[in-house]
Ligand SMILES: [Zn+2]
């Protein structure tokens, strides 16, 4: 393979262009655990009781000959790099392993490279439990990402070891299995959206590693008719975060399509359920070693308990009704998982009407959805149907679906939801007055002795 094919050259050229934009951001990435971050780093977390394998955080430094020094590190939030060795003058084998095994074969890796002088290096990625050839994305600033073209790779799909060639310079370059949207980006987004909407960001709990789990509610003065949107139960599923952000940003807009919805519904958003998993670059689990989206019966994890309790608190409000619960993920394609057949959820018929409405907006694409996915597992959507008695829907975006496509779909998901839910809830009778329960203090009406 030539060192620089046409596509590879374009990839690297794009990265060079990105470098010019990175002046401010480089300052941020130079201090990976910024003291001003609202979430504490968990370097003091000893892992007691945890069953996950944590990476050692360090810098690997190599003599690449001709006076060139190459540094590879995982000293930033979201990194995953378990080991590194030099196998040739400018060839390095990087080892990535999941936090535990067996595990879902969706490998996550992210590390940072730099050299004392510009040079070309070959990276041999050795990834445990890979199902398909991993992708490589690169960024100069940790924010703008370009995917390496296939021509950059050698190694068969499914091979456990693939190689990629990268040009490096004294300024750092990030290499990762997907674009990175981490804790810092999601917190900044939450702060911005909440501020624009004049609502506070609140802490609903803390993770095992002590990181706050944050939430905010749009339209808090609307009647207590609720929609709940959560994301990033699974750390590597970045496309789910793109979808969540675009979905909520559409609901923030107050044009004719959504103005009425904004007055009528409250939307509670929990963008990052598993901050520890994202920080550690885990493939699937919480820091406690549990798949959060299989924990919606046992609630063994502080993360799922925090989200559950926040939703149950919404449900306890006088006159409250929770109409819809959405959970954003990513997988190998765009697909929707809807409530199991026979689920007694209200509003009845929402899912069918919503799917039909979305499909009508994408006439050239057959939307994929299924009601029978993982029905025996205690996922968030099952808990939503069985405990909250409302439709729970898992929205999966493809890891390689372009961000523009995710944005377009998410906007339509939001618009059709507003239209369908608005019409269905308007047709329903107002909520019944709350019947006093045991333990309530019942005051006699005024004037009655
Ligand atoms: Zn997932």
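Conditions (1) under 30 Å from residue 73 (Cα atoms); (2) not assigned by TED's automatic domain parsing to the domain that holds residue 378; (3) not in a helix (DSSP H, G or I), marked per residue:
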residue	(1), (2), (3)
254	no, no, yes
263	no, no, no
268	no, no, yes
283	yes, no, yes
288	yes, no, yes
300	no, no, yes
307	no, no, no
- [ ] Could you grab me the full set of residues in segment 376-394 that are in a helix (DSSP H, G or I) and in contact (Cβ under 8 Å) with a residue 40 or more places away in the chain?
- [x] 380, 381, 382, 383, 384, 385, 386, 388
Task: segment 210-236, subset surrounded by fewer than 24 Cβ atoms within 10 Å (Cβ to Cβ) and outside any strand (DSSP E or B), residue nearest to the ligand (Cβ to nearest atom) - done: 210
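Residue by residue, here is whether (1) more than 16 Å from the ligand (Cβ to nearest atom); (2) closer than 30 Å to residue 111 by Cβ; (3) crowded, with 20+ Cβ neighbours inside 10 Å holds:
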{"site": "290", "(1), (2), (3)": "no, yes, yes"}
{"site": "298", "(1), (2), (3)": "yes, no, no"}
{"site": "311", "(1), (2), (3)": "yes, no, yes"}
{"site": "330", "(1), (2), (3)": "no, yes, yes"}
{"site": "343", "(1), (2), (3)": "yes, no, yes"}
{"site": "366", "(1), (2), (3)": "yes, no, no"}
Open item on the list: Let me confirm something: among 194, 176, which residue is away from the ligand (no atom under 16 Å from the Cβ) and under 21 Å from residue 330 (Cβ atoms)?
Closed with: 176
Open item on the list: Among the residues of segment 353-375, are any modelled with pLDDT of 95 or more, within 16 Å of residue 228 (Cα to Cα) and either in a loop (DSSP other than H, G, I, E, B) or not assigned by TED's automatic domain parsing to the domain that holds residue 273 (or both)?
Closed with: no
- [ ] Determine which single condition residue 262 fails, assuming it passes every other condition in (1) within 16 Å of the ligand (Cβ to nearest atom); (2) over 18 Å from the mean Cα position of the chain (by Cα).
- [x] (1)
Open item on the list: within 16 Å of the ligand (Cβ to nearest atom) and either buried (at least 24 other Cβ atoms within 10 Å of the Cβ) or closer than 16 Å to residue 183 by Cα (or both): which single residue out of 269, 242 fits that description?
Closed with: 242
TODO: Only one of these is assigned by TED's automatic domain parsing to the domain that holds residue 145, buried (at least 18 other Cβ atoms within 10 Å of the Cβ) and touching a strand residue (DSSP E or B) at 6+ places or on another chain (Cβ under 7 Å): 207, 167. Name it.
DONE: 167
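The values are calculated or read from the model by the stated rules, or taken from the named source; none is laboratory data. As the structure is a prediction and not an experimental result, all values here were calculated from the model. Virtual Cβ from ideal backbone geometry, glycine too; neighbours counted across all protein chains shown.
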